[in-house]
Structures are given as C-alpha cells and as structure tokens.
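The values are calculated or read from the model by the stated rules, or taken from the named source; none is laboratory data. Since this is a predicted model, take the numbers as computed values, not measurements. We place every Cβ from the backbone using ideal geometry, glycine too, and count neighbours over all the protein chains shown.
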Amino acid sequence: MIARLIAAILILAGTPAFAHRLDEYLQGTIISIEKGRLQAQMTLTPGVAVSPLLIASIDTDSNGVISQTEQLEYARSVLQDLSLTIDGRHLTPQLVSEQFPTLDELKDGRGEIQLEFKADLPGGGRNRKLTLENHHQSAIAAYQVNCTVPRDPNIRIARQNRNYSQSSYVLEYVQTNAESASVEMSPVAVLMFLSLAVLWLRHVWPTNVMRRFAHWRRN
Amino acid sequence: MTIRLPFWMATLTVFSMSSAMAQTPTARIVSSANSFLSTLDQKQRERALFAFDDEEQRVRWSNLPISIVRRAGLNMGELSPAQRAAAFSLVSAVLSKKGFEKVQQIMDGDELLKTNQGKGGGKGGGKGGGAMFGKDLYYISILGTPSEKNLWMLQFGGHHLALNITIAGERGILTPSLTGAQPAVYTIDGKTVRPLRQESDKALALFNALEENQRKQAILTYRVSDLVLGPGQDGKTIQPEGLKASSMNEKQRAMLLDVIAEWAGIVHDSAAATRMAELKADLNDTWFAWSGPTTVTSGSNLTAYYRIQGPHLVIEYAPQQMGGDPAMHIHAMYRDPTNDYGRKPATK
C-alpha cells in the first residue's frame, strides 16, 4: 500500500531530477555520551513523496495545523519506537525538546523535525555497551547513527557496529573512572546497609573478638 | 629594437608593478570587496551587509534551492552587469583559479537544471513557489567590514553551493563550505563537465591503491544516505571511523592529501597553502572511510559515500539517491570542527 502510494506520487511529480529528498524518511541521530548521561539529537527529514504518510500521523485531527499537543504526541511516538539499552539494561529516553516545521514545509519535502532526548545511564563497569534500535517508520526510513567524540577524557569510544540499514547500532566505550554499583545505591539501600553494619558491629564483631581474646589467653 | 620610455613613465611602471606584486591576497580581497560595495546603492548595501556576529545569517546556507531554504543578501539576478562583474571579481579574488572554476561549473549545472525543468522550477518546486534553479539565484553577502586586520566573512551560495569564507588577516578560512552538483555530469559547448570530477576520481584512485586489509578497514559496512554533518550540524565532532592514515604508506598518504587538496584548494593559493600545512601535520590522525560501490562507470562519478576526518577536518562526499542516478547528484561538505566560521581566531 505504502509502495503504491509513493509510486503514484512519484508519477504525479513526473520529473526525474529532484532537488530534495523523495521517497525516504531520513532519520539522523547523533549521540553524545557523558558520565551518567546520554544525550541525542534526531533530525527527521521526510521526503516529498512520503510526507503525506507522515502528515497523517502528525496532524491527527487533520485541521492543517500541527498543534503543540500533536508535536508532543508525535515526538513521544518516535521515542517509543526506539529501543535503548546499556549493558543489557533497558533505558527510557526522555524528550528534552522538539521543533517542527509547518505542514506546508513538510508537504514540500523541506521540513526537518528536530528532537532532542536524554537518558540517565546507571553506573557500571569499565567496559560499557550501549545499543540503539530505531524502528520508526521502518518501511520508508533511511537511518543514520553516529556518536560524538566524548568531551570527558575519561570516556573513550572503543567500537561502533551497525547493521546495513543503521537501524541497529551498538556502541562500546570505556569509562576509566567507572563507579562501582554501590555508589549508585538509593538512599533507602544506603540506610539498610548502614543499619546492618551497625548490627554486625554491636553483636557479631564483639563476640568474635572476645572468642579470639579468650583463645589467645588459653594459649 | 629598443623602446625608450620617458623617465617618469618608467618609474611609474616599475612602481605600479612592484606595488601590485607587493599587495597581499588579503589586500586584493579587501580592495575587491570595497569595489563591489561601491557599485551598490544604499538599499542594496543594507541588504548585502550584516554584522560579523549575526548568527542567523551565518548559518543561513543549505544544499537546497533558495525557494526551499531562503537566503539573504543580494542575488545575482537583481544586480546590474557591472555590479555582477564586481561581485564575481570579489568571489574570484577569494578563491583559487581552480576553486572559482568549480563554482562556475556548479552554477552552470544549476542553469542547465533550470533549462531542463522550465522556469519557475517546474514540478517538484514546492509550494514555496518562485524560481528554484539557475545562475541568477546565487546570493552574496558580507558579514562585518572588509578589513586587512579585523575578521570579516564573505558568503556566496545557492543551490548546491555554500561558501563561507572568513578573512582573518592573511588567512582565508573556508569552513564550513558545501559544494554539490546536479547534474553532476553535463555537456556545455560540446565539452563534458563534471564539477566534482577530481573529488570523485582522486578518491577512487586512493581506494584502488589500498591493500586488501586496508580496504577492509576503510569500508563501512553500512549504508550512508546523506551527509552526516551537513547544514545545521555545526559544532559537532563525530567519532572517526575507517582506515587511519598512519596505517598507509607514503604514496597512499600523498594520495589522501591530494584528495583533501580538492577542498582545501578552493580558497586562494596562499590561504590554501597554510591550510594544507596544517592538515599535513595532522595526517597521522586522519581517517578515510568508504561506504558503497567500489567501481565507477567510465566518465561518471562515484556512487559511494566517503569521509575524510582529522583533528581539524571533516570532508564528506555523498551521492544522492533522489529519484535518479546518484552519480548525477552529489552533496559534499568541508568542515573544520575546531574553526568553522573562523571562530578559533575570533576567540583569541
């Protein structure tokens, strides 16, 4: 169905040379890794032939205007189509900002949607593995994913792997000032840990010390 | 036969020759800029001139036609023949002979696009209306005041062309700049023209000069559809990938520098020499990455994407699959992530 619609639009457009994107939905993502946080910028550029599909999913009330609510809903739907993990643990991307072109700009294939999102990165070991899968509009998508050179000298990118379409991306990096998981404990866990430590000091530790002292005296 | 000149004429001739020779490239550029500005009326001057720190104007460039992404400044179509000549004289003063020729070929290609698609951009022109293609639709603007000492910038561009040249004393900083071509192969006056021929041919020659294991490192196993650091992506440095030049032999490294020179050499010769020295010093930390076909139809352009990246350099060559042959539609980007728009000297 999508293919037929695109073909029909292309025939209507009827010219072999275009100045702008046609039948693809370019989705470029640039990721930045910091200590404890990931930030990403997505630039979404629908081609002129696929813009009707996109407009239908953005301007959901079809009133010809992309309202703030529709912008947020669409931005969130894009993030829902992402799968983000660190060291096998699922991460939830949080929308930071969204910027939309007008409907006319989208119709003409000159519209860029800009999304920014972030995700908190839990503490982990020295060697870390981040994965990003983008499933948004996969039938028409042209994906691109890259990461910036980290500003933090303690973070070094080790390897990037992608599948051919760049819908799947794996980033391996080394964090030389990695914190142990205990530092990441919640205040409740810290309190529990301290209580247990106090109990041990009051009951277990003196008993052990007394036993050893008695043993030393006997010998 | 001897020609006898009066003493005063001989003195004047020698003096003017030596002063022309003594004039630095920047002095010539400033003189051309002032000559161009002197041809404009008050309203035109106001439209052509911007503050050096005008961030909106600075980033108002694109690969897209002007009816899709609006430019500001003065377009060639609204200038009188004398004003237009003065504008081109300024652009040619800033560029090398080869660079100016490339600019003209990109504009000629766009003129051909207009002829082929009809005035007004024809179909695919978008609702923005107005003309999309042609030599008249290239804009010139000056940010700051032309000076031999203080920073100022010349912008010239339109569809598939964005030259941002910051003049910083004797330096001419050409980053970020975008070149492109559509059609990327055409015939004019019986001569076949490929505006980005060298960028295509030299990169392919370098790729072919690599050993099998080097190629494996250089090849990206994924598809790259477009520029990663195109318009709107200022100030980003992505993680480099591919084959590091420190793993190349001397001949291959020389070939890599030769590819780089296709961009660094767009600006006038003395600025290009300074830039090339900087890039040569970075060569060990420069990467070459390739995605796509490794063969080319004779007389045509690469359909593969490639990227050259170093500490002070990003070059991207990205053929476009937009309803036609990617060899006929190319976008290319040239950046210095540490010094785009001459920001580095500005902060000194």
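Looking at this structure, is B:L220 touching a His at 6+ places or on another chain (Cβ under 7 Å), within 11 Å of another protein chain (Cβ to nearest Cβ) and either closer than 30 Å to B:E111 by Cβ or in contact (Cβ under 8 Å) with a residue 12 or more places away in the chain (or both)? Here the answer is no, as B:L220 does not meet what is asked. I need a count of the residues in region A:109-138 that are at pLDDT below 95 and touching a helix residue (DSSP H, G or I) at 6+ places or on another chain (Cβ under 8 Å). Residues in region A:109-138 being at pLDDT below 95 and touching a helix residue (DSSP H, G or I) at 6+ places or on another chain (Cβ under 8 Å): 4 in total. Scanning region A:39-76 for residues that are more than 14 Å from chain B (Cβ to nearest Cβ) and either touching a residue at least 24 places away in the same chain (Cβ under 8 Å) or surrounded by 19 or more Cβ atoms within 10 Å (Cβ to Cβ) (or both) yields A:L53, A:L54, A:I58, A:D59, A:V65, A:I66, A:Q71, A:L72, A:Y74, A:A75. When region B:220-249 is filtered for residues that are closer than 21 Å to B:S200 by Cα and among the charged types (D, E, K, R), the ones remaining, listed by number, are B:R223, B:D226, B:E241, B:K244. Applying the set (1) surrounded by fewer than 16 Cβ atoms within 10 Å (Cβ to Cβ); (2) free of Cβ contacts under 8 Å to residues at least 24 places away in the same chain to A:T85 leaves exactly one unmet item: (2).
Results for (1) touching a Leu at 6+ places or on another chain (Cβ under 6 Å); (2) assigned to a loop (DSSP other than H, G, I, E, B), shown as yes or no for each residue.
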residue	(1), (2)
A:A119	yes, no
A:Q144	no, no
A:I157	no, no
A:N161	no, no
A:Y164	no, yes
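Being closer than 28 Å to B:R28 by Cα and out of contact with any strand residue (DSSP E or B) (no Cβ under 7 Å at 6 or more places or on another chain) is not true of B:A281. Each residue in region B:194-203 was checked for being of a type outside the set (D, E, K, R) and surrounded by fewer than 20 Cβ atoms within 10 Å (Cβ to Cβ), and 1 of them qualify. Any residue at all in region B:128-141 that is over 27 Å from B:R84 (Cβ atoms) and among the charged types (D, E, K, R)? Taking every residue of region B:128-141 in turn, none turns out to be over 27 Å from B:R84 (Cβ atoms) and among the charged types (D, E, K, R). Taken together, the residues in region B:65-76 that are in a loop (DSSP other than H, G, I, E, B), crowded, with 17+ Cβ neighbours inside 10 Å and among the aliphatic types (A, V, I, L, M) amount to 3.
Quick check on region B:223-248: of everything there that is without any contact (Cβ under 8 Å) to a residue 40 or more places away in the chain and out of contact with any helix residue (DSSP H, G or I) (no Cβ under 9 Å at 6 or more places or on another chain), which residue is farthest from the other protein chains (Cβ to nearest Cβ)? Only one residue fits best here, namely B:Q233. Screening region A:113-135 for residues that are buried (at least 18 other Cβ atoms within 10 Å of the Cβ) and under 22 Å from B:G232 (Cβ atoms) and picking the one that is farthest from the chain's Cα centre (by Cα) gives A:I113.
Counting only residues that are without any contact (Cβ under 8 Å) to a residue 12 or more places away in the chain, under 21 Å from the mean Cα position of the chain (by Cα) and not in a helix (DSSP H, G or I), region B:22-64 holds 0 of them. Tell me which residues, restricted to region A:134-149, are more than 14 Å from chain B (Cβ to nearest Cβ) and under 13 Å from A:L79 (Cβ atoms). Within region A:134-149, A:H135, A:H136 qualify.
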